[in-house]
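The values are calculated or read from the model by the stated rules, or taken from the named source; none is laboratory data. Bear in mind the structure is a predicted one, so any value in this text is a computation, not a measurement. A quick note on method: Cβ atoms are made from the backbone with ideal geometry, for glycine too, and the neighbour counts reach across all protein chains shown.
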Ligand SMILES: NC(=O)c1ccc[n+]([C@@H]2O[C@H](COP(=O)([O-])OP(=O)(O)OC[C@H]3O[C@@H](n4cnc5c(N)ncnc54)[C@H](O)[C@@H]3O)[C@@H](O)[C@H]2O)c1
């Protein structure tokens with residue numbers, strides 16, 4: 001079992017990369033614990049979880065509509081009834097939604113309890129499990145509540161990914177592409193990113209890709225855990241992507257919305273003559289468009305909702321819109337706060353054409 005140590009201003013933590021499910025047996029030996037598990041994952045892996053006691057188990061629907069304070073309250077109630085208080089360990093198993101909800105609980109209950117996270121989606125294994133963020137949705141606003149609190153330990157077992165639906169698997173690929181494009185070495189070898197993605201689509205090299213993606217993320221979070229500077233650049237693809245999750249009522253999963261968001265960000269950069277037409281076309285043809293595995297329709301792209309959501313983006317600072325865009329052909333990203341509504345609309349219409357929705 002190999003390991004990755006991570007530093008945090010809150011508490012240092014460790015990722016263990018596993019090639020079997022034996023680590024679950026060790027977790028059973030923890031004396032005071034509760035498991036919070038995504039219902040779908042529990043059903044799929046029932047045999048694996050057969051030794052979990054009913055009174056130590058909380059199952060929940062991992063859907064965006066339930067990434068809310070209401071779900072958090074239900075878990076508080078479940079935990080508050082236990083004899084163990086600050087000495088309880090919360091073990092959560094699922095994807096990014098499970099992580100966000102349980103991370104919020106772990107960070108707030110008794111001002112912080114021990115938390116072990118077992119990510120079961122590609123996105124959660126390669127990206128979200130490190131970096132300390134916990135987020136909840138509030139009304140129609142995505143991820144606006146939350147804080148920073150990493151798990152104490154993370155166990156990555158890539159075999160969990162075998163049961164993911166195609167769209168959820170590709171959602172992870174979206175974030176993997178984003179981190180590869182944000183890697184800080186110039187010039188970028190775009191063909192090697194294309195090859196890496198092709199391998200992962202054939203279920204090869206998943207652990208290698210997860211580790212590589214984490215290494216890129218680690219460089220950014222080591223420097224800016226609390227997202228006040230450099231880490232903002234992770235929002236490449238996210239400014240429009242979050243708006244699209246809203247406008248599609250989460251029919252478009254997070255990482256796929258990020259792929260479309262990167263196409264959108266590149267359109268803005270192209271219109272500002274920041275990137276060349278060649279790179280723009282290459283990325284669309286080789287990295288972005290082939291990795292959108294769902295049928296899109298124009299109803300998911302409501303211009304009014306998209307604009308409203310971008311106006312409500314928590315990173316927005318002025319009268320115009322905020323977006324992370326590439327500044328050159330090596331996709332060095334910057335955050336700009338001057339995307340005008342006219343520019344928004346022009347780029348939106350260009351995007352629809354590229355996606356063949358117009
Ligand atoms: N905290 C962070 O740093 C951070 C970073 C990126 C994204 N996020 C959040 O993560 C969420 C998306 O997370 P996600 O993509 O991991 O998906 P998810 O948690 O929404 O899960 C997607 C679907 O896959 C199912 N599932 C989970 N594991 C499975 C498995 N092994 N086999 C079969 N089905 C499985 C779930 O039940 C669900 O239906 C978003 O809410 C996003 O905002 C958080």
**OP:** Go through the stretch 75-88 and give me each residue that's part of a helix (DSSP H, G or I) and surrounded by 17 or more Cβ atoms within 10 Å (Cβ to Cβ).
**Re:** 75, 78, 79
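Of all the residues that make up the stretch 143-179, how many are touching a residue at least 24 places away in the same chain (Cβ under 8 Å) and either assigned to a loop (DSSP other than H, G, I, E, B) or near the ligand (Cβ under 7 Å from one of its atoms) (or both)?
Taking the stretch 143-179 first, the residues touching a residue at least 24 places away in the same chain (Cβ under 8 Å) are 143-164, 166-179.
Remaining after also requiring either assigned to a loop (DSSP other than H, G, I, E, B) or near the ligand (Cβ under 7 Å from one of its atoms) (or both): 143, 149-152, 157, 160-161, 163-164, 168, 171-172, 175.
The qualifying residues number 14.
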Original post:
Across the stretch 59-68, what is the total count of residues that are part of a helix (DSSP H, G or I) and surrounded by 14 or more Cβ atoms within 10 Å (Cβ to Cβ)?
Top reply: 2
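Would you check which residues across the stretch 114-129 are in contact with a strand residue (DSSP E or B) (Cβ under 6 Å, 6 or more places away or on another chain) and buried (at least 20 other Cβ atoms within 10 Å of the Cβ) and list them? Even if it seems obvious, please write down each step before you answer.
Restricting attention to the stretch 114-129, the residues satisfying the condition of being in contact with a strand residue (DSSP E or B) (Cβ under 6 Å, 6 or more places away or on another chain) are 114-118, 120, 125, 129.
If the condition is that a residue be in contact with a strand residue (DSSP E or B) (Cβ under 6 Å, 6 or more places away or on another chain) and buried (at least 20 other Cβ atoms within 10 Å of the Cβ), then 115, 116, 117, 118, 120, 125, 129 are the ones that fit.
Select, from 14, 5, 47, the only residue that is outside any helix (DSSP H, G or I), surrounded by fewer than 16 Cβ atoms within 10 Å (Cβ to Cβ) and more than 23 Å from the chain's Cα centre (by Cα). Steps first, answer last, please.
Numbers: 14 fails: more than 23 Å from the chain's Cα centre (by Cα); 5 fails: more than 23 Å from the chain's Cα centre (by Cα).
Only one candidate passes the filter, namely 47.
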Original post:
Of the residues in the stretch 200-249, how many are assigned to a loop (DSSP other than H, G, I, E, B) and within 25 Å of residue 5 (Cβ to Cβ)?
Top reply: 7
**OP:** Give me the pairs, please: first residue somewhere in the stretch 226-237 and assigned by TED's automatic domain parsing to the domain that holds residue 316, second residue anywhere and surrounded by fewer than 18 Cβ atoms within 10 Å (Cβ to Cβ) and not in a loop (DSSP other than H, G, I, E, B), beta-carbon distance under 8 Å, and either six or more positions apart or on two chains.
**Re:** 226/148; 229/223; 230/223; 231/223; 232/335; 233/334; 233/335; 235/335
**OP:** Answer yes if at least one residue in the stretch 32-49 is away from the ligand (no atom under 16 Å from the Cβ), free of Cβ contacts under 8 Å to residues at least 40 places away in the same chain and not assigned by TED's automatic domain parsing to the domain that holds residue 223, and no otherwise.
**Re:** no
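Give the residue that is surrounded by the fewest Cβ atoms within 10 Å (Cβ to Cβ), with candidates limited to residues of the stretch 333-358 that are assigned to a loop (DSSP other than H, G, I, E, B) and modelled with pLDDT of 95 or more. Spell out how you get there, then give the answer.
The initial filter retains those residues of the stretch 333-358 that are assigned to a loop (DSSP other than H, G, I, E, B), namely 340, 355-358.
Next, from what is left, pick out any that are modelled with pLDDT of 95 or more: 340, 355-357.
Details: 340: 11, 355: 19, 356: 8, 357: 13.
Among residues in the stretch 333-358 that are assigned to a loop (DSSP other than H, G, I, E, B) and modelled with pLDDT of 95 or more, the one surrounded by the fewest Cβ atoms within 10 Å (Cβ to Cβ) is 356.
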Subject >> Residue within the stretch 194-202 that is touching a strand residue (DSSP E or B) at 6+ places or on another chain (Cβ under 8 Å), away from the ligand (no atom under 16 Å from the Cβ) and within 26 Å of residue 44 (Cβ to Cβ) present >> reply: no
Original post:
Which of the residues spanning the stretch 102-128 are under 28 Å from residue 19 (Cβ atoms) and more than 8 Å from the ligand (Cβ to nearest atom)?
Top reply: 102, 106, 114, 115, 116, 117, 118, 125, 126
Original post:
For the stretch 317-327, what are the residues that are exposed (fewer than 15 other Cβ atoms within 10 Å of the Cβ) and more than 19 Å from residue 143 (Cβ to Cβ)?
Top reply: 318, 319, 327
Original post:
Name the residues in the stretch 268-316 that are exposed (fewer than 14 other Cβ atoms within 10 Å of the Cβ), in a loop (DSSP other than H, G, I, E, B) and in contact (Cβ under 8 Å) with a residue 60 or more places away in the chain, would you?
Top reply: 297, 314
**OP:** Of the numbered conditions (1) crowded, with 17+ Cβ neighbours inside 10 Å; (2) more than 10 Å from the ligand (Cβ to nearest atom); (3) within 29 Å of residue 311 (Cβ to Cβ), residue 139 fails exactly one; give the number of that condition.
**Re:** (1)
